[in-house]
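The values are calculated or read from the model by the stated rules, or taken from the named source; none is laboratory data. As the structure is a prediction and not an experimental result, all values here were calculated from the model. Neighbour counts run over all protein chains shown; Cβ positions are idealised from the backbone, glycine included. Ligands, DNA and RNA are stripped out before the accessible areas are found, and what is left, the full protein with its side chains, is counted by its heavy atoms. Shrake-Rupley method; radii C 1.70, N 1.55, O 1.52, S 1.80 Å.
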Amino acid sequence: MAGIQFQSIRKIFGKTIAANDVSLEIKNGEFMVLLGPSGCGKTTLLRCLAGLERVDGGRVFIGDRDVTDLAPRDRKIAMVFQSYAVFPHLTVFDNIAFGLQMQNRPRDEIKRRVEESARMLELSDYLKRYPAQLSGGQRQRVAVARAIVMQAAVLLMDEPLSNLDALLRLQMRAELKRLHSDIKATTIYVTHDQVEALSLGDRIAVMQNGRIVQCDAPMNIYDYPANKFVGGFIGTPPMNFLPGVVRVNDGKPVAVVGESQIAPSAALASALSAKNGQPILLGIRPENLALAPSQQANTIRARVRVVEPLGSHKLLTMQVGSEISKVSVAPDQRVAPDEDVWLHFDPEKIRWMDAASGEAISSIV
Amino acid sequence: MRVRSESILPYGLLAPTLIFIVLLIVVPIFQAFLLAFQTAEGEFTLIQFQKMLADTSFADAMKFTFLLLMFIVPAQVVLALIMALLIHTRFKGHTLFLYIYALPLAISDLASGIVWLSIFTERGFLNSILFQLGFLERPFLFLSYQNLPAMFGTIVVAESWRATAIVMVILLAGLQVIPRDYFEAADVFGANTLKRTLFVVLPLLRPSLQNALIIRTIFAFQTFAVVLALAGRVIPVLAGESYNWYALNRNANIAAAYATLVLIFTVIATVIYFRLLRTTAAEAGFD
Amino acid sequence: MNKRIFIVASLAMLLVIIAACAPAPTPAPTAAPPTIAPKVEPTKAPVVEPTKAPAPTPAPTTAPTAVPPTAAPQALLFSSTQFSPVEEQEKMRSVILKDFKAAKVDFVVDPSEAPFMDRIIAEQKTGKITVGVIGALHGTFPNLIQANALEDLTALAAKLKDRAIVKEFMTLGKMGTDKQYYIPWMQATYIMVYNKKAVQYLPAGANVDALTYAQLAEWGKNITAATKEKKIGMPAGPTGLMHRLTQGYLYPSYTGGLVTTYKSDDAVKMWTDFKAIWEYTNPQSTTYNSMQDPLLSEEVWVAIDHTARVVNAFKNKPNDFLAAPAPAGPKGRYYMSVLAGLGIMKGTPNKAGAEALIDYLTQPAQQAATTREVNFYPVLETGLPTDVPAHVKLELDGVVKQSKAADAKVALLPIGLGGKAGDFNKIQQDTLTRIVLKGEDIKKVLDEEGAKLNALMTELKAPCWSPDPDSAGKPCQVK
Amino acid sequence: MKSSLSRRHIFNQIFLYSAAILLALWTLAPLYLIALAAFSTKEAVFQWPKLFLPTAFSTETMAFFVSSTGVLDSVWNSVVVALVTVAASLILGAPGGYALARFRFRGRDAIQLGFLVSKMFPTAILSVPLAVAFLQMDLYDTIWGVALMHTAMALPFVIIVTAGIFVGVPRDLEEAAQTLGCNRLQAFLRVVAPLTIPGLAAAAIFTFVLSWNEVFAATILTLRNRTLPAQVLSGLSGSPLYYRYAGGFFMILPAVVFIFAIRKYLLNMWGNIVR
């Protein structure tokens, strides 16, 4: 088992910078998710770690070994590909056994280990089949079995669930989580699906334009996005951003949004005071907004545009000033389109962001 | 160190081929090319081109080369497109028909010339069948110099027969890459077969069409064995004149001048195709 | 880095080009191209009229640096431009060469002169000789001499003295020098072949064995009137020998010359008459390379072609066809004799075997066999063999009638054209194309093509040959 | 509604099959006729009007062609030349095709274009330089020399077609093999090679056909060791029609067999040329 260290990784394809001085440390046994929209550099970073891509700068360490210049096969990693990359000319057994055969393991050991990982992934009945005779989900399992059979210190997964249908994805997600708790290999998991990231990761590194913008535990990322991009990327529906202006009244800062004023939590007061007169964004998750019967503190006038009953909750699309906001309310909440209502903000749950840079304003100045 | 070996690898893999082609094709081409600019004694001159321009057959050779191109290439493309679209419907038995349509792919122009001469000659198969069916009282002279359109037609037919297969295969391969959704989308919007072909299939086939056109044009410029077999010297073409000057009149210099002209025209045609049918990455639908 | 690769690559390519060019400098012949000006008074003679070729040709004095022979002496390569039909090649290998024991002969045929000459030139350039005996037409030998590819066979000729080879042929083999470049091998000519069905349409009073060109036109007209088909055939295809008919038959028969009379009034008359014949000539003629196939399929009934290119008609349908002399014009019944000779490749690895083969092929038995099997005719004074198969006999009748005709006269193949024989032939081909096929004005075409002919002859400094009058060593010119 | 739909369907099917059969006839008729001519009596070849059924069936013409000196030797030569050409061009060309398929490198487009340009010059007039070069290499008049030349002529085709075939193998598979302990060569041999063998075999067979049909280089570079087309060409101008028909048929025969063998891979082979 081994930790992983990226030191100032730089990778350039032609004119695009896929990894721009990325540094990241992953602890032994940790499940790290690289999350970001397509083209953000997350797969590139994974491939640099696998040795499938040469870095243009920086070093990669697995444990305390500098693997930057090693070939993939010398890195003691195992990888699951987005396309599964299951060899079509080999049976399921031979696919899983491929890596062990390359290591010239004894036959009985190969058989034992292949059967063991096949059992873990419920593939025992399919060992003699060829990939063409398997469903997509089964092929995906073969790809995972082929990786875990190696008992590598590091397990890499490149969007392994993205080609599965929704139901299967849900099922496999849980299985992968169970698998990780069984084998405890240091895992790096690339995805653009924030639900997968939240559910699987011990930590999530959110990437944008070749940089890691935030790396933290899933709920921290959800609750305290480092900037507007992270807040908007994570969560369905994403975080609402209401534009306002900071006003300092008697030394106390408030955000003026439309005709309302919203006061920050005490911890942010001093940081916000420094931004008197500047535009600001109030980031707030749909579930942290509530309908209020009348105007009161920390409320704002809004008009209901769309009401979507979604079973566990109702999703409202509201017009706040010129902005559109999503609000999640209890399923029994009575509300109708074109109704004028008041929205209540929980000041503790507001993520205040600088309107110009999109960066969150932290309590420590 | 690894980085260097990595970026040299493709060149290393290509090197044997490149050396081979340079030694056995490029160098002789270059030497032949030089012949066009030399007198028989080896002095540099442009006289070979003057002689070529003054050649009795030159104007005709130019005319017929381009006429053939104008008739053969579209005929082949249309025929090949029909074949490819038919096969692409994947009707029962389509693999058998694909095989049949692809047969001429492996037939040389030497053999093709023999085959079509046996059909078009005065007492050949075509006249025989027309005669037996009572359409003719006596053989019709397809290969008469007095009936140039008929003679020209036989060449177009023979060349279309031989070379449609390659176009068909390229277009069919291109068709298979087009996602079925596009055809279905067009169906949903009520396009009939003709409209669908014109406005959906053809634009999506543009990369394949470009390939097919380039390949066909290169070879059409070089076609002469079939022309020589069916039309003798009555319908001269540039490549055939190059061959005649070389093999029959024993003048390598003028032959080289003709060959150079063929090369120039082929390059120009290829460039035009690249320009006209250029697909941007975005159009091709990939990132 | 990539730039460096390209520089290295282009340097490599440059080296390669230099290497490919440098070691093979053309061995420049120190002598001018041989020029042969025969003086011929047409007379009647055995089969084909031999001629003298007195003009001197300085022989090339530098021999190429020949590489010592490497091949086993048993093998002997016999490279020929003759016998392109496979059946004839077959006979050559399995019958005529069968009894030759001195060496194992590989008989190889290149019907078109291009690869044949290319190979000999390439072998001379590199000094790697594989060819032993060269069999080619008289008209090809100037090219071979120019390529410095021939051994001097004077000694062999002396050895073959008792062979009774027609003396004039032996003289021709000297190519106008004092060296023997080839030993005469065999001869052929062009004749007329007709289907018996056509006889009934002969013009009144015409004798098929003494036809004139005017009567031929009338004959064709009669046939067309009766059958609504044009049934005269000419070998005017890409590799057909139509230009030989122009050079050796039409021009001399109408004008008594070829080059000198190229645009004479007689020539205009000739083309006018020929156009009349062409009126009744199958328009497919421009695709005919040899006349036997159209004769057999009855696309044509009357055709003129080389004996080797019509013999199959007699062979396949001996009851349908007869041979006759070529027609006559106002200046006589000119016909062309085709003489093929045997030379030895300079520096050949098996000279003894090559000489033995020439000796063998000129023996009476083999000469007779040549007629019997492949119907080329002997070059011996002993004349024609009599024990020949029916189809050869049929053709032979025509050949004999032609040479024995009262008005028969011989025209020679063009001589002294060196490597430009093709350019010369092209002028006749172009003239025919423009006048007959495209219908251009005869006078204008003759003026223009005549000018080209003059330029060519001046460039070549080639004196006139029979039947053109002797030009006393000066280039032959159109008058 | 339903019945009119199915009627339209039937009508469509009839139309489809008629068109397909018509086009098949157009392709097959000339092949049938040359086969007919090659297996007729000599008389039937010159008959008017010609027969369209094999009533005058005879192997006389074919037997004469096959038994004439040099033909069987030339067939053997053609086979050897073609096999050597196939082996050499694949060994030399496949790595190049792989390079074009897998790597983006400077000069890639130029090289591809170069392959195309090398096909734009009429072959016939290359003969003197080639004959001289081959004599110097002591390869003149050997089937090895012809094979060498055919290899050079086939390489542009082989390289472009194999590139197309290699593109068809997802890069992921190779990378997966690499992460599982293979080096590049092992990954190629254990994963790419098994997957591309059918396609490469098809390319090989097509290369065989190219070599089988090639006539100019074969004529120029040999004297005694002729390939079949060179042999047929040398007998073409003066030989009787039936010989030519038999020769033509003999040259077409392998085409019919080989295209059948590779019919499934035709599209892979030609789908990706000139990108």
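If I ask for residues that are assigned to a helix (DSSP H, G or I) and either surrounded by 19 or more Cβ atoms within 10 Å (Cβ to Cβ) or more than 9 Å from every other protein chain (Cβ to nearest Cβ) (or both), which ones from segment C:428-443 would you list?
So in segment C:428-443, the residues assigned to a helix (DSSP H, G or I) come out as C:428-437, C:442-443.
Matches in segment C:428-443: C:GLN428, C:GLN429, C:ASP430, C:THR431, C:LEU432, C:THR433, C:ARG434, C:ILE435, C:VAL436, C:ILE442, C:LYS443.
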* Residue satisfying all of: in segment B:184-223; small (Gly, Ala, Ser) and more than 27 Å from the chain's Cα centre (by Cα); modelled with the highest pLDDT among these -> B:ALA185
* Asked: Got at least one residue in segment D:195-208 being touching a helix residue (DSSP H, G or I) at 6+ places or on another chain (Cβ under 6 Å), modelled with pLDDT of 90 or more and of a type in the set (A, V, I, L, M)?
  -> no
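Would segment C:101-111 turn up any residue that is of a type in the set (Phe, Trp, Tyr), surrounded by 20 or more Cβ atoms within 10 Å (Cβ to Cβ), more than 7 Å from every other protein chain (Cβ to nearest Cβ) and within 26 Å of D:PRO129 (Cβ to Cβ)? I'd like the intermediate steps shown before the answer.
Here is the first cut: in segment C:101-111, the residues of a type in the set (Phe, Trp, Tyr) are C:107.
Checking which are surrounded by 20 or more Cβ atoms within 10 Å (Cβ to Cβ) leaves us with C:107.
Next, only the ones that are more than 7 Å from every other protein chain (Cβ to nearest Cβ) stay: C:107.
When the remaining residues are screened for being within 26 Å of D:PRO129 (Cβ to Cβ), the result is none.
No, that holds for no residue.
Being free of Cβ contacts under 8 Å to residues at least 40 places away in the same chain and over 20 Å from the mean Cα position of the chain (by Cα) narrows it down to one residue among C:TYR213, C:TYR254, C:TYR201; which is it? Before you say what the answer is, go through the steps one by one.
Details: C:TYR213 fails: free of Cβ contacts under 8 Å to residues at least 40 places away in the same chain; C:TYR254 fails: free of Cβ contacts under 8 Å to residues at least 40 places away in the same chain.
Among C:TYR213, C:TYR254, C:TYR201, only C:TYR201 is free of Cβ contacts under 8 Å to residues at least 40 places away in the same chain and over 20 Å from the mean Cα position of the chain (by Cα).
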* Of the conditions (1) charged (D, E, K, R); (2) within 22 Å of C:ASP407 (Cα to Cα); (3) touching a residue at least 40 places away in the same chain (Cβ under 8 Å), C:GLU218 clears all except one; give me its number. => (3)
* Contacts under 7 angstrom Cβ, first residue in segment A:158-171 being open to solvent by 70 Å² or more (accessible area, probe 1.4 Å), partner assigned to a helix (DSSP H, G or I), 6 or more apart -> A:ASN163/A:GLY136
* Asked: How about segment A:214-266: which of its residues are open to solvent by less than 20 Å² (accessible area, probe 1.4 Å), among the polar types (S, T, N, Q), at pLDDT 90 or above and out of contact with any helix residue (DSSP H, G or I) (no Cβ under 7 Å at 6 or more places or on another chain)?
  -> A:ASN227
* To do: Find the residue count for segment B:233-243, including only residues that are within 11 Å of chain C (Cβ to nearest Cβ) and free of Cβ contacts under 8 Å to residues at least 60 places away in the same chain.
  => 1
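So, in segment C:183-232, of the ones that are assigned to a loop (DSSP other than H, G, I, E, B) and open to solvent by 50 Å² or more (accessible area, probe 1.4 Å), which residue ends up nearest to C:ALA323 (Cα to Cα)? Break it down into steps so the answer makes sense when it comes.
Going residue by residue through segment C:183-232, those that are assigned to a loop (DSSP other than H, G, I, E, B) are C:202-207, C:211, C:228-231.
Those left that are additionally open to solvent by 50 Å² or more (accessible area, probe 1.4 Å): C:204-205, C:207, C:228, C:230.
Values: C:ALA204: 20, C:GLY205: 19, C:ASN207: 13, C:LYS228: 24, C:LYS230: 20 Å.
Among residues in segment C:183-232 that are assigned to a loop (DSSP other than H, G, I, E, B) and open to solvent by 50 Å² or more (accessible area, probe 1.4 Å), the one nearest to C:ALA323 (Cα to Cα) is C:ASN207.
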* Enumeration of residues in segment D:152-210 that are surrounded by fewer than 21 Cβ atoms within 10 Å (Cβ to Cβ), over 20 Å from the mean Cα position of the chain (by Cα) and either away from chain A (no Cβ under 11 Å) or not in a helix (DSSP H, G or I) (or both) -> D:VAL167, D:GLY168, D:PRO170, D:ASN183, D:LEU185, D:PHE188, D:LEU189
* Consider B:ILE129 carefully, then state whether it is in contact with a Lys or Arg (Cβ under 9 Å, 6 or more places away or on another chain), more than 9 Å from chain C (Cβ to nearest Cβ) and crowded, with 22+ Cβ neighbours inside 10 Å. => no
* Structure fact -> Selection over segment D:71-86 where residues are modelled with pLDDT under 90 and touching a Phe, Trp or Tyr at 6+ places or on another chain (Cβ under 7 Å) yields a count of 1
* Out of the residues in segment A:321-344 that are within 22 Å of A:PRO243 (Cα to Cα) and open to solvent by 70 Å² or more (accessible area, probe 1.4 Å), which is farthest from the chain's Cα centre (by Cα)? -> A:ASP340
* Answer yes if at least one residue in segment C:307-326 is without any contact (Cβ under 8 Å) to a residue 40 or more places away in the chain, assigned by TED's automatic domain parsing to the domain that holds C:VAL199 and either surrounded by 23 or more Cβ atoms within 10 Å (Cβ to Cβ) or on the phi > 0 side of the Ramachandran plot (or both), and no otherwise. => no
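Looking at this structure, is B:LEU34 more than 8 Å from chain D (Cβ to nearest Cβ) and touching a Leu at 6+ places or on another chain (Cβ under 9 Å)?
Taking the combined requirement at face value, the residue does not satisfy it.
With respect to C:SER264, determine if the residue is among the small types (Gly, Ala, Ser), open to solvent by 20 Å² or more (accessible area, probe 1.4 Å) and closer than 30 Å to C:PRO475 by Cα.
Numbers: among the small types (Gly, Ala, Ser): yes; open to solvent by 20 Å² or more (accessible area, probe 1.4 Å): yes; closer than 30 Å to C:PRO475 by Cα: yes.
Yes; evaluated as a whole, the condition is true for this residue.
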* Structure fact -> Reported set for segment D:113-159 where residues are more than 14 Å from B:ILE21 (Cα to Cα) and touching a Phe, Trp or Tyr at 6+ places or on another chain (Cβ under 8 Å) is D:PRO122, D:ALA124, D:ILE125, D:SER127, D:ALA131, D:PHE134, D:TYR140, D:GLY145
* **C:GLN180, sole failed condition from (1) open to solvent by less than 10 Å² (accessible area, probe 1.4 Å); (2) assigned to a helix (DSSP H, G or I); (3) modelled with pLDDT under 95** => (2)
* Asked: within 9 Å of chain D (Cβ to nearest Cβ) and open to solvent by 10 Å² or more (accessible area, probe 1.4 Å): does that describe A:ALA50?
  -> no
* Structure fact -> When C:VAL374 is run through (1) within 14 Å of another protein chain (Cβ to nearest Cβ); (2) surrounded by fewer than 23 Cβ atoms within 10 Å (Cβ to Cβ); (3) modelled with pLDDT under 90, the failure sits at (2)
* How do the strands (runs of 3 or more DSSP E) wholly within segment A:294-358 filter down when requiring 3 or more residues that are out of contact with any strand residue (DSSP E or B) (no Cβ under 8 Å at 6 or more places or on another chain): which remain? -> none
* Filtered residues of segment C:115-137 (kept if at pLDDT 85 or above, open to solvent by less than 10 Å² (accessible area, probe 1.4 Å) and within 14 Å of C:GLN82 (Cβ to Cβ)) -> C:VAL133, C:ILE134, C:GLY135, C:ALA136
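If you check B:VAL157 against the conditions, is it under 24 Å from B:GLY240 (Cα atoms) and either open to solvent by 30 Å² or more (accessible area, probe 1.4 Å) or assigned to a helix (DSSP H, G or I) (or both)?
On the way: under 24 Å from B:GLY240 (Cα atoms): yes; either open to solvent by 30 Å² or more (accessible area, probe 1.4 Å) or assigned to a helix (DSSP H, G or I) (or both): yes.
Taking the combined requirement at face value, the residue satisfies it.
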* Asked: Which residues, taken from segment B:245-267, are at the interface with another protein chain (Cβ under 7 Å from one of its Cβ atoms) and at pLDDT 85 or above?
  -> B:ALA255, B:ALA256, B:ALA259, B:VAL262, B:LEU263, B:THR266, B:VAL267
* To do: Could you please give the count of residues in segment A:56-74 that are more than 8 Å from chain D (Cβ to nearest Cβ) and open to solvent by less than 30 Å² (accessible area, probe 1.4 Å)?
  => 6
* Structure fact -> Here the residues within segment D:134-149 that are touching a helix residue (DSSP H, G or I) at 6+ places or on another chain (Cβ under 6 Å) and either small (Gly, Ala, Ser) or more than 10 Å from chain B (Cβ to nearest Cβ) (or both) are D:LEU135, D:GLN136, D:LEU139, D:TYR140, D:ILE143, D:GLY145, D:VAL146, D:ALA147
